[in-house]
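Participant: Could you have a look at this structure, given as structure tokens, before my questions?
Only the coordinates and a few stated rules stand behind these numbers; no lab work does. Predicted model, so just to flag it, every value in this text is computed and none were measured. In this analysis, Cβ positions are derived from the backbone assuming ideal geometry, glycine residues included, and neighbour counts consider all displayed protein chains.
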Amino acid sequence: MINSRKFPLLRWLLSPFPCHPLRLPATMTVTATRARTETHQAPQQVIMPEVYRQACGDCHMAYPAALLPHRSWVALLDGLDDHFGTVVALDAQQAKDVATYLGECAADRTGGN
């Protein structure tokens, strides 16, 4: 048995107050419903392109595109000549591939936000 005097937070969590945030009043019941699996689709797994992983991941973590909305990625790509004090040089095909990945998989395009 855990000694609640040594763990004041535990004592507070186990306190008998009726309006305690972790306890339900005796008259309240909780019911769970099962999700309809036939309408649920698993999120598509997007594989990060190697060109993006190399171009961005050489200096820092290659952030998943779903972390930012499309407009933020566009602003970042427009400023590659001064990307946080560094010049990022991509050829035309690399820039196109990176922009395509970030544009199609941005948070506001994939439901990430």
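Participant: Of the chymotrypsin sites (Phe, Trp or Tyr not before Pro) in the stretch 59-113, which ones lie in a loop per DSSP and count no more than 15 other C-beta atoms within 10 Å?
Facilitator: Phe84
Participant: Let me ask something else. Could you give the length gained on full extension between Met48 and Val87, defined as 0.36 nm per residue of separation minus the Cα-Cα distance, in nm? Please report the intermediate quantities before stating the final value.
Facilitator: Numbers: separation 39, 0.36 × 39 = 14.04 nm, distance 2.22 nm.
Between Met48 and Val87, full extension yields 11.8 nm more.
Participant: Right, another one. Taking amide H atoms as placed 1.01 Å from N in the peptide plane, list the residues 5 or more away in sequence, or in a different chain, whose amide H sits under 5 Å from that of His83.
Facilitator: Amide H to amide H, under 5 Å and 5 or more residues apart or across chains, His83 pairs with Val88.
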